[in-house]
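Inspection log for the structure reproduced underneath, given as C-alpha cells.
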Amino acid sequence: MLRFLLRRLAQAAVVMLVISLLSFSIQDQLGDPLRELVGQRVSEAERDLLREQMGLNDPFLVQYWRFLGRAVQGDLGDSYFFKRPALEVILDKFPATFELVLGASVIILFFSVPIGVYCAIRPRTLFSRLMMGASIVGISIPVFLTAIMLIYVFSIQLGWMPSFGRGETVDVGGWQTGLLTADGLWHLVLPSISLASIMLPLFIRLIRAEMLEVLHTEYIRFATAKGLSRYRIWFLHALKNTLLPVITVGGVQIGTMIAYTILTETVFQWPGMGFMFLEAVNRVDTPLIIAYLIVVGLIFVITNTLVDLIYGLVNPTVQLAGRQE
Amino acid sequence: MTTRWERFRQSDFYYHLGRDRLAQICLGIFVLYALASLAAPLLAPHDPYDPSSIDIMDSEIPPLWQDGGDPRFLFGTDAQGRDLLSTILYGTRISLMIGVCAVLLQLFLGVSLGLIAGYVGGRVDAVLMRIADIQLSFSTMMVAIIVLAIFQAAFGTELYSDLAIFMLILVIGIAEWPQYARTVRATVLAEKKKEYVDAARLTGLPAPLIMFRHILPNSVTPILVISTVQIANAIISEAALSFLGLGMPVNKPSLGSLISAGFEFIFSGLWWITTIPGVVLVVLILVINLLGDWLRDVLNPRLYKG
C-alpha cells in the first residue's frame, strides 16, 4: 500500500512539475512584465537596468527555478488588473465555483443512482426506456445551450428565477457562501441544473450498464439461490460492486465538471474561477492565467490521486504495486 | 464473383439497418446534414460571408411564420441583417468539417501510436500508455480551453480568428488520441501472439506492413463505433469553445458561435437567433449519438473499458 501511495504521489508531482513548466513558459512568452510594471516614459537604459535587477536576462532554467521556489511558497505573482496577489484573487473566487460543483454533484448523486439502478432492475418498463431515451437526448445537448434555454424559459418567459450572479452571500470564516441564504440558494438552482445536465445522463447510463453486468454474475445467482430477499441482493450486494467503476469515472468527471464550470459561469455570470479565467484571458492578465492553471491542475491531480487511492482501498482485487513480490 | 454492393446487401449491417426504423431515420437525417453542408454555397439564398449583400435595414426580422416575417428570410435575420438560414447552412458546414477533421486526426495519431505501443511493447509501450493515462485524466474541454485561450492571448484576436479553424481541429484532434490508442493496443496485444502474425514476420514482411495490413483490420469495428461518438463529442467541444469566444469568429460562424452571438439578444426577445441554430446543433449531435448507439448494439465490438 505504501509503495502504491508513493508511486502515485511521485506521478502527481511529475504532472505538477510539467504543469508549472508549461505555465512558466507561457509567462515567458506572453507579454513583457516590465511594460506592465513601468509606463512608456521610462528610458531604454533604465529599462535594461531594471531588467537586469529583476533577473529577466537570466537563463530560462534559472528563472524557472526562481519561479518554482516562489510558487511553492504560494507566490504566483500579482495580477496586472487587480493589483493583488494572483493566488489571493483565485482563492476569493474559489467558493463560488466550489458551491456550484457541489450543487451539481448533489443533483447528480440524488438522481443518477436511483434511476440507474431502477433501469437495470426493470430494463423493459416504460419508465426505463423513457429514461434511456431521455439520457441520450441529454448527452446531445451542449451545456451552454441547456443553460441558455433554462434562462429563456424560467427567467425571461416565466420570470421565476434569477438569470445571473450568486445573490446574497454571507461570510463564514473568510468563505463567502451562498448556501446559507434563501436568495443564494435560489440563485444556485439554475446553474447547478445546467452543470448537472451534462453528467447526469452519463452517470445514469454508466450505473445501469454496470448494474446489469453485476446482476448477471455468479455470486448474485448464488445469493438468489440461497434465498436472500431481492432487495437485499439489489441494494446491498449488487449496488456495492456497481459503484466501484462509478468511483473511477466520477473522479475523472470532477475534472471535466471544472471545465464545464467555465461555460456555466459564463452564461450565468457566476462570479467564480472559470468566469474570472475568461476575463483574465481577454485582459491578457498573465499571472492570473497562470495561477488559474496551477490551481486547477492541482485540483485535477489531487482528485485523481485520491480516486485511485480510494479505488485501491475499496476494491480488494485491484493490483496494488508491490503486491506481486 | 460478387460485387461490393452485393456483398454489402448480404451483410449483417444491411440486415439490421433494414429492420431498425430509428436507425434509418437517423442515417437519413445525417446524410441530409452532410449533403446540405457540402452544397451550402448552392443551397443558401444569401452569401453570409459577403458583407456587401447584407443590409443593416434587414436586421432582426423574425422567422417567416411569425408576425413581421419576410418571405426572403425563412428563419429571419440576425442583428447584423444576415439571413439566418444561409448562416446556419454555412455554420453546419464548418461545425461538421471541424468535427470530422478533428476525429480523422485523432484516428491517425491514436491508431499509429496504439499500433506502435502494442507491437513494440516494453518501455515504449509503458511510456506511451502512461502519457495516455495522464492525458485522459485531464478533461479535453479543460485542455482545449486553456490552450486556445493562451494562443488567443499570444496571437491577438485578429490573427487568431484566421487560424481558429486549424487550431480547433488541432487541439480537439490531439486531445483525444488515447481513446483510439487504447483500443488499438488491446487488439494488437491479443492478435500479436497468433500464428498468422508469426507467419507474416517469418516471410520477412516489414513491421509497419504487418501492423497496418494484418493486425489493424481486426480493430475496424471498435474504431467505427468509437468514431461516431467521437465526432459527436468533437462537434460539442467545437460549439462550446466557439461559444466561449475561443473558436470560430462571428464573421465566419460555426453553429456554436452563432448561438453565442444570439445569446446577447435573447433578453430582448430575439429568440430565433439562438434557438434555431441550437435546435440544428442538437439534432445533428443527437442523430450521430443514436447512430453510434445503434452501431454499438449491432456490431457489438469488444471495447476497451477504462
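Numbers below:
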read-out: Residue in the stretch B:188-203 that is small (Gly, Ala, Ser) and either surrounded by 20 or more Cβ atoms within 10 Å (Cβ to Cβ) or not in a helix (DSSP H, G or I) (or both) present; value: no
read-out: Pairs, first closer than 14 Å to B:Thr92 by Cβ in the stretch B:228-239, second of a type in the set (Phe, Trp, Tyr) and in a helix (DSSP H, G or I), C-beta under 9 Å, six or more apart; value: B:Ala239/A:Phe144
read-out: Residue count, the stretch A:281-304 (criterion: touching a Ser or Thr at 6+ places or on another chain (Cβ under 9 Å) and of a type in the set (Phe, Trp, Tyr)); value: 1
read-out: Residues satisfying the stated conditions in the stretch A:269-308, i.e. among the charged types (D, E, K, R) and surrounded by fewer than 24 Cβ atoms within 10 Å (Cβ to Cβ); value: A:Glu279, A:Arg283, A:Asp308
read-out: Test for B:Glu158: is it surrounded by 24 or more Cβ atoms within 10 Å (Cβ to Cβ) and acidic (Asp, Glu); value: no
read-out: Verdict on B:Ile236 being buried (at least 24 other Cβ atoms within 10 Å of the Cβ) and either modelled with pLDDT of 85 or more or touching a strand residue (DSSP E or B) at 6+ places or on another chain (Cβ under 8 Å) (or both); value: yes
read-out: Residue ID - nearest to B:Leu244 (Cα to Cα), chosen from residues in the stretch A:129-161 that are of a type outside the set (A, V, I, L, M) and crowded, with 18+ Cβ neighbours inside 10 Å; value: A:Phe144
read-out: Any chance A:Leu158 is hydrophobic (A, V, I, L, M, F, W, C), at pLDDT 70 or above and under 19 Å from A:Val101 (Cα atoms); value: no
read-out: Identity of the residue in the stretch A:105-119, within 15 Å of A:Ser197 (Cβ to Cβ) and touching a helix residue (DSSP H, G or I) at 6+ places or on another chain (Cβ under 7 Å), that ends up surrounded by the fewest Cβ atoms within 10 Å (Cβ to Cβ); value: A:Phe111
read-out: Condition met for A:Gly69 (out of contact with any Ser or Thr (no Cβ under 7 Å at 6 or more places or on another chain) and either assigned to a loop (DSSP other than H, G, I, E, B) or β-branched (Val, Ile, Thr) (or both)); value: no
read-out: Members of the stretch B:264-293 that are at pLDDT 80 or above and either assigned to a loop (DSSP other than H, G, I, E, B) or over 18 Å from the mean Cα position of the chain (by Cα) (or both); value: B:Thr274, B:Thr275, B:Ile276
read-out: Boolean, A:Val249 is at pLDDT below 80 and closer than 24 Å to A:Leu306 by Cα; value: yes
read-out: Of the criteria (1) closer than 22 Å to B:Gly247 by Cα; (2) touching a residue at least 40 places away in the same chain (Cβ under 8 Å); (3) hydrophobic (A, V, I, L, M, F, W, C), which one B:Leu136 fails; value: (1)
read-out: Qualifying residue in the stretch B:107-124 (condition: at positive phi, within 14 Å of chain A (Cβ to nearest Cβ) and out of contact with any helix residue (DSSP H, G or I) (no Cβ under 6 Å at 6 or more places or on another chain)); value: no
read-out: Inter-residue pairs, beta-carbon under 7 Å, first closer than 14 Å to B:Val120 by Cα and in the stretch B:194-210, second of a type in the set (Gly, Ala, Ser) and surrounded by 10 or more Cβ atoms within 10 Å (Cβ to Cβ), 6+ apart; value: B:Ile210/B:Ala200
read-out: Enumeration of residues in the stretch B:219-236 that are out of contact with any Pro (no Cβ under 6 Å at 6 or more places or on another chain) and over 16 Å from B:Phe108 (Cα atoms); value: B:Val229, B:Ala232, B:Asn233, B:Ile235
read-out: Pairs, first more than 10 Å from chain B (Cβ to nearest Cβ) in the stretch A:7-28, second of a type in the set (Asp, Glu), C-beta under 6 Å, six or more apart; value: A:Arg8/A:Asp308
read-out: Count of residues meeting criterion [part of a helix (DSSP H, G or I), polar (S, T, N, Q) and under 28 Å from B:Ala117 (Cα atoms)] in the stretch B:133-156; value: 3
read-out: Set B:Ile146, B:Ile131: member being within 14 Å of chain A (Cβ to nearest Cβ) and buried (at least 22 other Cβ atoms within 10 Å of the Cβ); value: B:Ile146
read-out: Matching residues in the stretch B:247-280 - criterion: being closer than 24 Å to B:Ile146 by Cα, within 11 Å of another protein chain (Cβ to nearest Cβ) and buried (at least 24 other Cβ atoms within 10 Å of the Cβ); value: B:Leu255, B:Gly256, B:Ile259, B:Ser260
read-out: Unmet criterion (only one of (1) at pLDDT 85 or above; (2) over 14 Å from A:Phe81 (Cβ atoms); (3) more than 8 Å from chain B (Cβ to nearest Cβ)) for A:Val301; value: (1)
read-out: Residues that are under 21 Å from B:Ile276 (Cα atoms) and away from every other protein chain (no Cβ under 11 Å), drawn from the stretch A:128-162; value: A:Ala134, A:Leu150, A:Phe154, A:Leu158
read-out: Pair list, Cβ < 7 Å and 6+ apart or interchain, from the stretch A:251-263 residues that are more than 7 Å from every other protein chain (Cβ to nearest Cβ) to residues that are not aliphatic (A, V, I, L, M); value: A:Gly251/A:Thr303; A:Gly251/A:Asn304; A:Ile254/A:Thr303; A:Thr261/A:Thr97; A:Thr261/A:Gly272; A:Thr261/A:Gly274
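Okay, residues lined up against (1) more than 10 Å from every other protein chain (Cβ to nearest Cβ); (2) modelled with pLDDT under 85:
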{"position": "A:Phe268", "(1), (2)": "yes, no"}
{"position": "A:Val284", "(1), (2)": "no, yes"}
{"position": "A:Leu306", "(1), (2)": "yes, yes"}
{"position": "A:Gln319", "(1), (2)": "yes, yes"}
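The values are calculated or read from the model by the stated rules, or taken from the named source; none is laboratory data. Model, not experiment: these values are computed from the prediction. With ideal geometry, Cβ positions are generated from the backbone for all residues, glycine too; neighbour counts draw on all protein chains shown.
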